[in-house]
Amino acid sequence: MAKYAYPAIFTQEAEGYSIRFPDLEGCYTSAADVNEGIDMAQDVLCLTLYWMEKDGKDIPAPSGVNDVRHDSNEFVSLVGCDTDWYRRFYDSKAVKKTLTIPSWLNDLAESSGINFSGVLQEALKEKLNIG
């Protein structure tokens, strides 16, 4: 649940680029050109790290960009992502929660037309210092 930056190896192929992250097993993608490759690399990096966080797996430290070996038809680029942003954007399904409040407070809130879910979401975001 953080911001990350990992080196990615971009390999020039007959058509486009293949992209892999040497520090993260199974983290790779491809693209038609470098610009698309950067977008695709950010997406696969974020998805990989998001699932590692969700599954409670240890996330390896990234290698230094200058420490990554590559061939002459390749280049290394640092790619960053924010798994908190990714989580808010892609994992926003509603989850039902049961809570208890005093009857008098419930009656007063209902008569005032208060949206309980909205108030709870706003309060949680404020408490967690997220926007």
**OP:** Can you tell me which residue within the range 35-50, out of those that are more than 12 Å from L24 (Cα to Cα) and not small (G, A, S), is most open to solvent (accessible area, probe 1.4 Å)?
**Re:** N35
Original post:
Considering the range 110-121 alone, what residues qualify as being under 36 Å from the mean Cα position of the chain (by Cα) and surrounded by 10 or more Cβ atoms within 10 Å (Cβ to Cβ)?
Top reply: I114, N115, F116, S117, V119, L120, Q121
Original post:
Which residues, counting only those in the range 77-106, are open to solvent by 90 Å² or more (accessible area, probe 1.4 Å), more than 18 Å from E53 (Cβ to Cβ) and not in a loop (DSSP other than H, G, I, E, B)?
Top reply: L78, W104
Original post:
Quick one: what pairs do we get from the range 3-14, first residue touching a residue at least 24 places away in the same chain (Cβ under 8 Å), second outside any strand (DSSP E or B) and open to solvent by 80 Å² or more (accessible area, probe 1.4 Å), C-beta under 6 Å, 6+ apart or different chains?
Top reply: I9/H70
Original post:
Considering A61, A41, which residue is under 25 Å from K3 (Cβ atoms) and touching an Asp or Glu at 6+ places or on another chain (Cβ under 8 Å)?
Top reply: A61
**OP:** Would you check if V76 is aliphatic (A, V, I, L, M) and touching a His at 6+ places or on another chain (Cβ under 8 Å)?
**Re:** yes
Subject >> V119 without any contact (Cβ under 8 Å) to a residue 12 or more places away in the chain and either part of a loop (DSSP other than H, G, I, E, B) or among the β-branched types (V, I, T) (or both) >> reply: yes
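The values are calculated or read from the model by the stated rules, or taken from the named source; none is laboratory data. Remember, it's a predicted structure, so these values are computed and weren't measured experimentally. Note that we place each Cβ from the backbone using ideal geometry, even for glycine, and neighbour counts take in every protein chain shown. In case anyone asks, the SASA skips ligands and DNA or RNA and just uses the protein heavy atoms, side chains included. Shrake-Rupley method; radii C 1.70, N 1.55, O 1.52, S 1.80 Å.
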